[in-house]
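Beneath this line is the structure, given in C-alpha cells, with notes to follow.
The values are calculated or read from the model by the stated rules, or taken from the named source; none is laboratory data. No experiment lies behind these values; they were computed from the predicted model shown. A quick note on method: Cβ atoms are made from the backbone with ideal geometry, for glycine too, and the neighbour counts reach across all protein chains shown. The area values use the complete protein model at the heavy-atom level, side chains included, leaving out ligands, DNA and RNA. Shrake-Rupley method; radii C 1.70, N 1.55, O 1.52, S 1.80 Å.
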Amino acid sequence: MISIKEVTQMTGVSASTLRYYENEGLLPHVKRDENGKRQYDEEDLEWVHFITALRATGMPIAQIQKYVQLYQEGDFTISERKAMMLQHKKEIEKKIAELYRNMDKINYKLALYDVLEARRDQADIKI
C-alpha cells in the first residue's frame, strides 16, 4: 500500500487534488487503514495517471465522472467508454491541428524577423 504523500511524490499530483478526485468519485477504490488514512495501490496509481492525462487534455470532471461510472458498471459499457475515448481523441487531434496552424504563423513571423534583422545588419555594415 502507498500513502498519499508517496502518491504525490510519484505523480506530481497534490494531496488536495487527490482528495478532490476521490470526493468527486474519480478514484472510487481508494482504501483506508484503521486510522482512516488513504492507502493507494497500483490500480489507484494507474487511475491517477489516467485522470491526469484526461484533465491535461481538457476533459471536464463531469465527463470523467461519467467514464468512471460506466467503468464501475462493468464490461457491458466497454463500447460506450470506447466511444467517449474516441470522441475525446478527436477533440485532442483538433486542438493539436490548431496548435500547428498557430505555430506556422509564429514560425512565419520569426522567419520574417530573421530577414529584417539580416537587412538591418547589412545596412549597418554599409555605413
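For segment 29-40, which positions are touching a residue at least 12 places away in the same chain (Cβ under 8 Å) and more than 9 Å from Ser3 (Cα to Cα)?
The initial filter retains those residues of segment 29-40 that are touching a residue at least 12 places away in the same chain (Cβ under 8 Å), namely 29-31, 33, 37-40.
Scanning segment 29-40 gives His29, Val30, Lys31, Asp33.
Inside segment 16-39, can you point out the residues that are open to solvent by 30 Å² or more (accessible area, probe 1.4 Å), of a type outside the set (Ser, Thr, Tyr) and assigned to a helix (DSSP H, G or I)?
Those that are open to solvent by 30 Å² or more (accessible area, probe 1.4 Å), of a type outside the set (Ser, Thr, Tyr) and assigned to a helix (DSSP H, G or I): Arg19, Glu22, Asn23.
In segment 24-68, which residue that is among the aromatic types (Phe, Trp, Tyr) and touching a helix residue (DSSP H, G or I) at 6+ places or on another chain (Cβ under 6 Å) is nearest to Leu86 (Cα to Cα)?
Per the stated criteria, the residue is Tyr67.
Filter segment 41-59 down to residues that are assigned to a helix (DSSP H, G or I), closer than 24 Å to Glu91 by Cβ and touching a residue at least 24 places away in the same chain (Cβ under 8 Å), then give me how many there are. Can you show your working first?
Filtering segment 41-59 for residues assigned to a helix (DSSP H, G or I) gives 42-56.
Narrowing further to those that are closer than 24 Å to Glu91 by Cβ: 46-56.
Next cut, touching a residue at least 24 places away in the same chain (Cβ under 8 Å) only: 48-49, 51-52, 54.
Here the count works out to 5.
Quickly run through segment 50-71 and pick out the residues that are within 11 Å of Leu27 (Cα to Cα) and either open to solvent by 70 Å² or more (accessible area, probe 1.4 Å) or in contact with a Ser or Thr (Cβ under 6 Å, 6 or more places away or on another chain) (or both).
Of everything in segment 50-71, just one residue is within 11 Å of Leu27 (Cα to Cα) and either open to solvent by 70 Å² or more (accessible area, probe 1.4 Å) or in contact with a Ser or Thr (Cβ under 6 Å, 6 or more places away or on another chain) (or both), namely Gln69.
Those residues that are open to solvent by 90 Å² or more (accessible area, probe 1.4 Å) and among the aliphatic types (A, V, I, L, M), I need them from segment 87-100; list them, please.
Leu99
Tell me yes or no: at least one residue of segment 90-109 is under 28 Å from Phe50 (Cα atoms), among the charged types (D, E, K, R), in a helix (DSSP H, G or I) and in contact (Cβ under 8 Å) with a residue 24 or more places away in the chain.
Checking segment 90-109: at least one residue is under 28 Å from Phe50 (Cα atoms), among the charged types (D, E, K, R), in a helix (DSSP H, G or I) and in contact (Cβ under 8 Å) with a residue 24 or more places away in the chain.
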